[in-house]
Amino acid sequence: MIEMFVFFKRRVSIIVFLFWLITDCCWAVPLPESGEKKLDLQQSEQIEAILAELKQNDGIEVFYQKIPDFVWRGKTLYQTAGQTDAATLLKFLNLYKEEIEKYPSSFFAKLKIKGFVVVKKLFYKKRPVEGFFDDYTQLIFLDFLRSNDNPIAQRHNIHHEIFHAISVRAREAGLSALDESVWTTDQNNARNRSQQPMNFFDPPHRGFMTDYAMSSREEDKAEMYACFFVPSQNKIMQRWIQKDDSLRKKEIYIKSFVSGFCPEMGESYWRGLSQSLNLHHGHVRGSMARDGTL
Ligand SMILES: [Zn+2]
């Protein structure tokens with residue numbers, strides 16, 4: 001009887017282990033192809049031309065068809081671009097190139113990431129996401145399709161994920177001597193996160209640029225950092241900083257932290273960036289609300 005019990009228990013253990021292996025310890029897997037044709041030669045040539053320029057100027061790899069294998073604890077799903085996505089992918093890559101060109105030429109050599117993965121229908125643990133940084137493989141994943149109708153969110157997201165990579169690199173290099181206390185202000189309010197009616201002149205919660213920033217200290221930093229690079233968000237941030245001391249301290253922290261990582265991004269860089277962004281008279285939206293960023 002005891003032998004039967006042990007045998008049964010062992011079988012149960014094996015079944016539980018296999019279940020865990022299938023559900024939790026997954027490879028990043030492409031979603032089933034939709035039957036669409038791959039991008040044709042001409043479309044690929046246009047895309048390749050953009051990517052070749054980025055590689056030459058900044059040493060950045062972008063993967064959009066042949067995605068490097070990687071292991072991620074949890075489910076990461078995606079689909080590569082099909083023929084009907086050509087225009088959308090091209091549009092995204094042009095926008096992406098504009099954002100990448102906002103960085104000094106030395107920046108990406110310091111960031112030392114393996115590259116960007118640009119795909120669609122990106123999911124992380126069953127949750128649709130616009131992007132994430134995988135510090136194990138040093139790949140930044142971006143979804144080119146999900147916010148196709150919201151280029152502000154797409155631009156913001158690129159820098160948000162880049163900040164996560166900076167953060168990991170800075171930590172590795174021991175560059176975390178700054179006063180972290182500015183990021184704890186009102187952090188308990190995270191429990192009260194909610195979409196509030198937007199007041200154009202005030203942040204959704206004082207001390208935070210976005211609702212999502214309240215989810216954790218790292219997300220708060222990434223959200224604040226990304227706002228520097230998007231014209232409309234930069235303008236709103238400057239306005240809010242005037243009467244939000246906590247935001248002002250966070251701004252000083254971000255600039256100091258990033259210049260510690262990349263000395264070419266010192267005070268004159270940030271001034272130049274703000275000036276160049278102000279040349280674009282984009283529509284200034286009051287709302288910073290956005291979802292789907294890790
Ligand atoms: Zn994030």
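Nothing in this text is a laboratory measurement; each read-out follows from the coordinates by a stated rule. Nothing here was measured: the structure is a model prediction, and the numbers come from that model. Cβ sites come from the backbone with ideal geometry, for glycine too, and all protein chains shown count toward neighbours.
Extension gain residue 94-residue 217, at 0.36 nm per residue separation less the Cα-Cα distance, in nm?
That pair, residue 94 and residue 217, stretches by 41.2 nm at full extension.
Tell me, what is the FRET efficiency for residue 87 and residue 243 to the nearest 0.05, using R0 = 41 angstrom and their Cβ-Cβ distance as r?
0.45
How high is the FRET efficiency from residue 57 to residue 178, r the C-beta distance, R0 35 Å, rounded to 0.05?
Efficiency at R0 = 35 Å is approximately 0.70.
Between residue 117 and residues 5 or more places away or on another chain, which pairs have amide H atoms under 5 Å apart, with H built 1.01 Å from N, and which residues are they?
The list, which skips near neighbours in sequence, is 63, 140, 141, 142.
Going by how many other Cβ atoms sit within 10 Å of their own, how do 250, 66, 97, 38 line up, fewest first?
Going from least to most buried by this count: 66, 38, 97, 250.
Which of 110/250; 102/221; 91/249; 114/249; 97/235; 55/249 have a Cα-Cα distance over 26 Å?
Long pairs (Cα-Cα over 26 Å): 91/249; 114/249; 55/249.
Just subtract the alpha-carbon distance of residue 48 and residue 274 from 0.36 nm times their residue separation and send over the number in nm, one decimal.
Stretched fully, the residue 48-residue 274 segment lengthens by 78.3 nm.
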